[in-house]
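Just below is one structure, and these are the notes that go with it.
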Amino acid sequence: MKKPRIILDTNVYISAYFNPSSHSSRILSWIEKGSAELLISDPIRKENLFILKRIPVISKAYLFRIDSIIKLATRIDPVEKVYLIRDDPDDNKFLEIARLADYIISNDTHLLSIGLFHGCRVVTSARFVNWFLTQQRSDLSFTP
């Protein structure tokens, strides 16, 4: 299976913190193990860290983990400005690097309503995990 190239919305990191057995948490573990490639731009990185640091209950250890995950990410410079999401224009930053990704993973209805953008699917963490596990099973059952 080709390693999927993914973009994470900040809400995935938040969900993983509050529910360590969640789909979001599994995705973070796969990034750490090198099973998925995280793509990130500077505006996304800044939002991730800004929002996570503003949530008082999030531990310093978790912030360190997220910082380590972000350091593993492939940095992408947006090549175009996108103005597709009018109700929450800040979400457009995820679309600005979507051309290079397979998936944007989010629980945000503004992003999820896009569905597909330049070949990149916008899905929930649960849908991505189900796809990922299905791909792993099909690879294991393949015998040349």
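The values are calculated or read from the model by the stated rules, or taken from the named source; none is laboratory data. Quick caveat, the model's predicted, so the values are computed rather than measured. Here the Cβ is made from the backbone with ideal geometry for all residues, glycine too, and neighbour counts use every protein chain on show.
What do you reckon, is Asp87 among the acidic types (Asp, Glu), surrounded by fewer than 20 Cβ atoms within 10 Å (Cβ to Cβ) and more than 15 Å from the chain's Cα centre (by Cα)? Yes, satisfied. When Ala36, Ala126, Ala98 are checked against the criterion of being touching a residue at least 40 places away in the same chain (Cβ under 8 Å), small (Gly, Ala, Ser) and touching a Gly at 6+ places or on another chain (Cβ under 9 Å), a single residue qualifies: Ala98. Exactly one of these conditions fails for Val79: (1) modelled with pLDDT of 95 or more; (2) in contact with a Lys or Arg (Cβ under 8 Å, 6 or more places away or on another chain); (3) of a type outside the set (Phe, Trp, Tyr). Give me its number. Condition (1) is where Val79 drops out.
Looking at Asp67 and the list (1) buried (at least 17 other Cβ atoms within 10 Å of the Cβ); (2) in a helix (DSSP H, G or I), which single condition is not satisfied? Looking at each condition in turn, Asp67 falls short on (1).
Could you tell me whether the range 6-18 includes any residue that is among the charged types (D, E, K, R), modelled with pLDDT of 95 or more and in a strand (DSSP E or B)? Looking through the range 6-18, none of the residues is among the charged types (D, E, K, R), modelled with pLDDT of 95 or more and in a strand (DSSP E or B).
Filtering the range 16-35 to residues that are within 17 Å of Asp108 (Cβ to Cβ) and either crowded, with 20+ Cβ neighbours inside 10 Å or touching a strand residue (DSSP E or B) at 6+ places or on another chain (Cβ under 7 Å) (or both) leaves Ala16, Tyr17, His23, Ser24, Ile27.
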